[in-house]
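Trainee: After the structure tokens below, expect a handful of questions from me.
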Amino acid sequence: MSLSRKRIFDLLKTINIASCQCPAHSHRGNVHVSNTALTKDYAFEIKCSTVRYGLGVTKEVGMDLANFGAKNVCVMTDSNIVSLSPMKAVLDSLVKNGISYSVYDKVRVEPTDSSFKHAIEFAKQGDFDSYVAVGGGSVMDTCKAANLYACNPQAEFLDYVNQPIGKGKAVSVPLKPMIAIPTTSGTGSETTGMSIFDYEEIKAKTGIAHTSLRPLLALIDPLHTLSVPQTVANYAGFDIFCHALESFTAIPYTERGPAPENPALRPVYQGSNPISDVWARFCLQCLQKYFARSVNNPDDLEARSSMHLAATMAGVGIGNAGVHICHGLAYPIAGNVKDFVPTHYGTDPIIPHGLAVVLTAPSVFRFTSASDPDKHLEAAALLGADVTGKKRSDAGKVLSDTILKYMDTMKIANGLGAIGYSAEDIPQLVKGALPQNRLLKIAPVPQSEEDLSKILEESLTLY
């Protein structure tokens, strides 16, 4: 390796360590670079939507659309949000600025390929020149897909869906401008190039991943979070929780490979890097200070505003570094739902995404801790754990216990068994996780089917 290249790696290491003074850094390991690194990637990119944050910022959406030259706008939302204050604020701004629009309010919470196709057909018929998504991750992801397929009406649905379920084709058509206005604090979809749905045929989630799907602008208005019910705020918060932990502990970008022949082919999920780590640390600190407050006191504007910003920052992190095992297992956990009906989510059986990802988290981070004990200890410290005197060999247990403490405090169900699963379901859940190669390969350690089975077994009962 040339001296100049070694200096680059040393500099990145220094930046990464200097950005946090956590006690865990007192025993951080060295960065090892060998000749094999030459076959792996050597660069990372940070891409995200333009973010505008502030109380009442939604009132500017009409002016933004006018600035885009919009003449025919599709406003997407769901049947709950359509009658609430966030939607009123959006439509008032559009009317005030003379923007013509049509509303699609049939978005399904935890969307499926069928619900995507329904929204896509609406978009195709509307011939829209721009899009506004008002709602949670389900609304934003549905809007992204509708925009994509309306812009390429000849495409078959599986053309852009991630491999091995779909063909995973690159997006080569220009998309219309999209503005995302999140009303929940969790998914971070307002800044990512991800669009996730339940593929009904295999009873597991999959999605579309491409930088072109990113909204052009994200309006982050904390006022919208005041109408979010307690249960929804709780589960959405655990989505932030896992986004931050998974992106922070993801495989380092220099260990992911091979390097792309063309920078346009670099994947959306690239592995942890010094910049994504900054966002992860910020989010973990926000969770430690504001998570419980935001759930237990819905009118605590400071707490809910901070969690709203944390969700967006976590989205920037995962939108570039990626998530791994918790999310890979969450997709079949949600897709194989039996009869679990959570409060504030309607009457149909559903396992909210934030719940699905966190139920395996204690076991997942015990499993990954050997890859980088220092980072796992640091994460626990950022979440409020006292890591003084803790050994590197204790890192997995320390972080796992910290996660369990949060889950217990926030009254999360006692494992997969409490939401309807048993040991007999584990083979089916593993089968549903295996197609999530895009996620599982971002984990810092490889996993066998036996490893995934063990994680699920350990997650049947938590407390």
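The values are calculated or read from the model by the stated rules, or taken from the named source; none is laboratory data. None of the values given here were measured: they were computed from a predicted structure. In this analysis, Cβ positions are derived from the backbone assuming ideal geometry, glycine residues included, and neighbour counts consider all displayed protein chains. All accessible areas refer to the heavy atoms of the entire protein, side chains included, with ligands and DNA or RNA removed. Shrake-Rupley method; radii C 1.70, N 1.55, O 1.52, S 1.80 Å.
Trainee: Given a Förster radius of 22 Å and the C-beta distance between Lys454 and Glu201 as r, what FRET efficiency does 1/(1 + (r/R0)^6) yield to the nearest 0.05?
Mentor: Plugging the Cβ-Cβ distance into 1/(1 + (r/R0)^6) gives 0.20.
Trainee: Determine, from the Cβ-Cβ distance of Ile46 and Val341 and an R0 of 60 Å, the FRET efficiency 1/(1 + (r/R0)^6), rounded to the nearest 0.05.
Mentor: After rounding, the FRET efficiency stands at 0.90.
Trainee: What FRET efficiency, computed as 1/(1 + (r/R0)^6) with R0 = 60 Å and r the Cβ-Cβ distance, is obtained for Glu424 and Lys96, rounded to the nearest 0.05?
Mentor: On the way: r = 57 Å, r/R0 = 0.96.
With a Förster radius of 60 Å, E is 0.55.
Trainee: Counting alpha carbon pairs within less than 8 Å and at least 6 residues apart, what relative contact order, in whole percent, applies to the stretch 115-166?
Mentor: Once normalised by length, the contact order is 38 percent.
Trainee: Run a plain Debye calculation on the chain (Cα atoms as equal point scatterers, no solvent) and give log10 I(q)/I(0) at q = 0.07, 0.08, 0.11 Å⁻¹, rounded to two decimals, same order as the q list.
Mentor: Ignoring solvent entirely, the Cα scatterers give -0.33, -0.43, -0.84.
Trainee: I need to check one value: relative contact order of the stretch 162-248, counting alpha carbon pairs closer than 8 Å and at least 6 residues apart, in percent.
Mentor: 36 percent
Trainee: Please report, ordered by residue number, every helix of the chain (full DSSP H runs) that is 30 Å or longer along its axis going by C-alpha atoms and whose mean Kyte-Doolittle hydropathy reaches 0.0. Display every interim value, and only then the final one.
Mentor: Working: long enough: 274-296 (33 Å, 0.10).
Membrane-span-like by this rule: 274-296.
Trainee: Then there is this: Excluding ligands, DNA and RNA, what is the solvent-accessible area per residue of the stretch 43-135 at a probe of 1.4 Å, expressed in Å²?
Mentor: 47 Å²
Trainee: Given a 1.4 angstrom probe, I'd like the percentage of the accessible area of the chain that is carbon and sulfur, rounded to a whole number. Walk me through the numbers on the way to the answer.
Mentor: Details: 9830 of 18690 Å².
Exposed carbon and sulfur together represent 53 percent of the surface.
Trainee: Restrict the search to the stretch 187-245; then list the GluC sites (Glu not before Pro) that DSSP places in a loop and that have at most 12 other Cβ atoms within 10 Å of their Cβ.
Mentor: Numbers: sites: Glu190, Glu200, Glu201; in loops: Glu200, Glu201.
In loop regions of the stretch 187-245 (DSSP not H, G, I, E or B), the sparsely surrounded GluC sites (Glu not before Pro) are Glu200, Glu201.
Trainee: Something else: Given contacts defined as C-alpha pairs under 8 Å and at least six residues apart, what's the relative contact order of the chain, whole-number percent?
Mentor: 16 percent
Trainee: On full extension of the chain, what length is gained from Lys167 through Glu302, given 0.36 nm per residue of separation minus the C-alpha to C-alpha distance?
Mentor: Full extension of this stretch gives 44.2 nm more.
Trainee: Here's something else I'd like to know. Could the peptides 432-440, 180-188, 55-63 be put in order, highest first, of the mean number of other beta-carbon atoms found within 10 Å of their residues? All intermediate terms of the calculation are to be shown ahead of the outcome.
Mentor: On the way: 432-440: 20.8, 180-188: 29.4, 55-63: 17.8.
Final packing ranking: 180-188, 432-440, 55-63.
Trainee: Over the stretch 170-272, average the accessible area per residue using a 1.4 Å probe and give it in Å², no decimals.
Mentor: 30 Å²
Trainee: Before I look further, what does the stretch 386-452 give for accessible area per residue, probe 1.4 Å, in whole square angstrom?
Mentor: For the stretch 386-452, the per-residue accessible area is 51 Å².
Trainee: Over all directions, average the projected area of the Cα convex hull of the stretch 195-241 and note it in nm². Intermediate values should be presented prior to the final figure.
Mentor: Working: hull surface 20.5 nm².
Over all viewing directions, the stretch 195-241 projects a mean Cα-hull area of 5.1 nm².
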